[in-house]
Amino acid sequence: MYSMPGDPCWRARTFPSCLTDYRHRTKVRSAAGQRRRRARVTIKFQFSDMRILFIGDIFGRPGRNIVKDRLPGIVRDHAIDLIIANGENSAAGFGITPALAEELFELNIDVITTGNHVWDKREIIDYFQLVEGNGHGPARRVLRPANYPSDMPGWGLYQGSKGKIPYAVINLQGRVFMASNDDPFRTADQLLKKVEAKVIFVDFHAEATSEKISLGWYLDGRVTAVVGTHTHVPTADERILPNGTAYVTDVGMTGPYDGVIGVKKELVVGKFLNGMPVRFEPATGDVRLCAVVIDCDEKTGKARQIERLMLS
Ligand SMILES: [Fe+2]
Ligand SMILES: [Fe+2]
């Protein structure tokens, strides 16, 4: 990074003895952080910018705790406007309860998506039924995949606004190596007819990479982002597709990596060895937060940049 005399970075490079001074190093770091933040604010101002943070499958208490610890710093450093998180594993790895959804909303998460674990905690069904008459309350901002049978409780599309910027979030589930639901491709077509917002975020909760990549191409230019969840393993293929859709096959899990996709490794390895039924328990170690930050033009909904995060 270019710097001038008077700038703390320049001083640090010119007088290496300064580096031994903890207070000075702290100043250097915070000055660099301030410059990055100022640059982001300038970009936002110049280019009608909206920045979306999406947090991958939050797994159990370890996942919830790391979100609590790291979210304020991410929001500050990346100038985040809208926060979306997949919460399908937030209740000890299996489902989400109303209390846990509200705990996540208290952290300023705007919308919670889910997936195949959505019904693991039955209380969520009653929560969805609270929604009548309150179109933007917390219960309405928890989504289940939109391509479930239409008479199931809940919704797979949320339309809201952040400041004056309208946005939509769509939750879909894949059909390859998963339960057979309605076609996610045609469901997306139907939902997009209803959406007026330009900024449209899609969480595609699916197992097969081919199905996820196909939906990315299918929706390229029609939505701001197609982001994959469910496998709990982040992929390194984030990119902006040719017509302006941000894409990544899987964001990865926010939870304990000292296990097998969130579960204690001994239990899962044992099940592979002997095939006996076992009660899965959440792992606890090596907790990481996996997310993506998407920068888009709020006026067109086109994505400009997608950045992958993995924090421990
Ligand atoms: Fe998950
Ligand atoms: Fe899942």
Roll a 1.4 Å probe over the protein heavy atoms and report the accessible area of SER180 in Å², nearest 10. 110 Å²
Can you check what the net charge comes to around VAL223, using other residues whose Cβ is under 12 Å from the Cβ of VAL223 (Lys, Arg +1; Asp, Glu -1)? 0
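Using a 1.4 angstrom probe on heavy atoms only, work out the carbon and sulfur share of the accessible area of the range 169-229 in %.
On the way: 1240 of 2460 Å².
The computed percentage sits at 51.
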For the range 208-312, give the magnitude of the charge dipole about the Cα centre (Cβ charges: +1 Lys/Arg, -1 Asp/Glu; no others), in debye to the nearest 20. 160 debye
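Using the Cβ atoms and a cut-off under 12 Å, what net charge is assigned to the surroundings of HIS232, where Lys and Arg are +1 and Asp and Glu are -1? Intermediate results must be reported in sequence, preceding the final value.
On the way: positive: ARG288; negative: ASP57, GLU88, GLU207, ASP250.
That works out to -3.
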Charge context of VAL195, other residues only, Cβ under 12 angstrom, K/R +1, D/E -1: +2
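Evaluate the relative contact order of the range 42-197 (contact order divided by residue number), counting alpha-carbon pairs under 8 angstrom at least 6 apart; express in whole percent. Spell out each step's value before the answer.
Working: 255 pairs, mean separation 24.7, N = 156.
Normalised by residue count, the contact order of the range 42-197 is 16 percent.
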Calculate, for the range 223-274, the solvent-accessible area per residue in square angstrom, rolling a 1.4 angstrom probe over the heavy atoms of the protein chains. 39 Å²
Give LYS68/LYS302; LYS164/LYS212; LYS68/LYS121; LYS193/LYS302; LYS212/LYS299 a once-over and call out the pairs whose C-alpha atoms are over 28 Å from each other. LYS68/LYS302; LYS164/LYS212
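So, for the range 104-143, what is the accessible surface per residue at a probe of 1.4 Å, expressed in square angstrom? Could you put the intermediate results ahead of the total?
Numbers: 1890 Å² over 40 residues.
It amounts to 47 Å² per residue over the range 104-143.
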Using protein chains only and a probe of 1.4 angstrom, how many square angstrom of GLU88 are accessible, to the nearest 10? 0 Å²
Under-5 Å amide H pairs with ARG304, H placed in peptide plane, nonlocal only: ASP295, CYS296, ASP297
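The values are calculated or read from the model by the stated rules, or taken from the named source; none is laboratory data. Just so we're clear, the structure is a prediction, and the values are computed from it rather than from any experiment. Cβ: placed from backbone, ideal geometry, glycine included. Neighbour counts: every protein chain shown. These area figures cover heavy atoms from the full protein model, side chains too; ligands, DNA and RNA do not enter into them. Shrake-Rupley method; radii C 1.70, N 1.55, O 1.52, S 1.80 Å.
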